[in-house]
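Just so you know, all these numbers are worked out from the coordinates, no wet-lab data involved. Since this is a predicted model, take the numbers as computed values, not measurements. We place every Cβ from the backbone using ideal geometry, glycine too, and count neighbours over all the protein chains shown.
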Amino acid sequence: MPAEWIEQPGRREVTLFTRHFTYASDPNSGFMFDVDDAGAVILTSDAARANYDLALREAATGTMIDHGVQAFTSEHWDPGTIRCICGQPLPLSGGDTTRCACRNEYNSCGQLLRANWREFCRETGELSDFGD
């Protein structure tokens with residue numbers, strides 16, 4: 001049984017914002033850091049913090065150029081979002097199956113799979129082992 005589509009699969013444009021630094025001597029290399037909606041740099045590791053500090057120091061000395069926050073747009077495939085029979089929105093993973101928190105599982109076309117589909121596929125030889 002196909003689920004109700006909340007958002008059909010399709011190509012979507014995604015715009016990401018980054019703070020961009022390049023070396024003055026080589027404009028094809030440098031650093032890019034993700035930023036949040038307010039434009040603040042997101043630093044999720046010690047290495048990212050160290051690189052950001054380096055970029056700021058190098059920009060202050062003129063070795064790097066700080067291009068500020070820039071938008072980068074790309075297109076990607078979005079597998080869509082369905083409404084699970086439990087009523088919850090469920091973004092499809094784009095993989096073979098997606099499982100809702102209620103344990104219902106759907107294929108990549110949004111079709112509800114029977115509860116024991118893995119066991120059935122093992123019996124028919126279509127699946128050797130696919131952890132639960």
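In order along region 12-20, the phi-based Karplus estimate (6.51 cos²θ - 1.76 cosθ + 1.60, θ = phi - 60°) of 3J(HN,Hα) comes to 10, 8, 10, 10, 10, 10, 9, 8, 10 Hz; Gly and Pro are listed as x.
Of the GluC sites (Glu not before Pro) found in region 82-132, the ones in coil according to DSSP and having at most 14 other Cβ atoms within 10 Å of their Cβ are Glu126. Here is how the number arises for the chain: DSSP H runs of 4 or more residues each give -39500 (n - 2.57), the sum is divided by the residue count, and the result at 222 nm is -5500 deg cm²/dmol.
Arranged from fewest to most other beta-carbon atoms within 10 Å of their beta carbon, Leu113, Leu92, Leu54 become Leu54, Leu113, Leu92.
A DSSP coil position with no more than 13 other Cβ atoms inside 10 Å describes the following trypsin sites (Lys or Arg not before Pro) in region 19-125: Arg103, Arg114.
This model, with +1 at the C-beta of Lys and Arg and -1 at the C-beta of Asp and Glu, gives the chain a dipole about its Cα centre of some 240 debye.
Roughly what angle does helix 46-61 make with the longest principal axis of the chain, taking Cα atoms, 0 to 90 degrees, to the nearest 10? Rounded to the nearest ten degrees, it is 30. Got the relative contact order for the chain handy, in percent, Cα pairs under 8 Å and 6 or more residues apart? Dividing the mean separation by the residue count of the chain yields 28 percent. One entry in [x] 59, 35, 27; [y] 71, 31, 19; [z] 66, 32, 24 is Cα extents along the principal axes in Å calculated from the shown coordinates; its label is [z]. Toward the positive end of the charge dipole of the chain, with +1 on the Cβ of Lys and Arg and -1 on the Cβ of Asp and Glu, the farthest Cα among Asn51, Thr15, Met64 is that of Thr15.
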